[in-house]
Amino acid sequence: MHRKKPLADNHGMLFVFTATGFHSMWMKNTYIPLSVAFLDESGTILNIADMAPLTTQAHTAAGFARYALEMNQGWFAARGVRAGARIEGLGAAPAPK
């Protein structure tokens, strides 16, 4: 919230939910347009939504989501990333040796 500057190129914000569910995101107090991808536990994108700044419109996962990844608006579309694509590396980090 309260973000006024665009994210750096190829940077985003990853939200990790404590449990899977039909989670929603909104843009109240966020001044820049973003796109959000909702992902299941395996990292598969369920759906992607473009979100307008300073709105309380809910954007909801199309299935049981464990993660949400927000990027500058249009980032996913510009790269041809769509529902069904899989993002790797979201699981727990290995324990240190």
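The values are calculated or read from the model by the stated rules, or taken from the named source; none is laboratory data. The shown structure was predicted, so the numbers you read here are calculated from the model rather than taken from an experiment. Note: ideal-geometry Cβ built from the backbone for every residue, glycine included; neighbour counts use all protein chains shown. Heads up: the accessible areas ignore ligands, DNA and RNA and are worked out on the full protein's heavy atoms, side chains in. Shrake-Rupley method; radii C 1.70, N 1.55, O 1.52, S 1.80 Å.
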Test: residue in segment 32-44 that is hydroxyl-bearing (Ser, Thr, Tyr), in contact with a Pro (Cβ under 6 Å, 6 or more places away or on another chain) and either under 13 Å from residue 87 (Cβ atoms) or open to solvent by 60 Å² or more (accessible area, probe 1.4 Å) (or both): no
Failed criterion for residue 81 (all others in (1) in a strand (DSSP E or B); (2) surrounded by 15 or more Cβ atoms within 10 Å (Cβ to Cβ); (3) in contact with a helix residue (DSSP H, G or I) (Cβ under 9 Å, 6 or more places away or on another chain) hold): (1)
Single condition residue 3 does not satisfy, out of (1) over 11 Å from the mean Cα position of the chain (by Cα); (2) at pLDDT 95 or above: (2)
Test result for residue 58, surrounded by fewer than 17 Cβ atoms within 10 Å (Cβ to Cβ) and not hydroxyl-bearing (Ser, Thr, Tyr): yes
Criterion (in contact (Cβ under 8 Å) with a residue 40 or more places away in the chain and of a type outside the set (Ser, Thr, Tyr)) met by exactly one of 84, 80: 84
Test for residue 22: is it over 23 Å from residue 9 (Cβ atoms) and at pLDDT 95 or above: yes
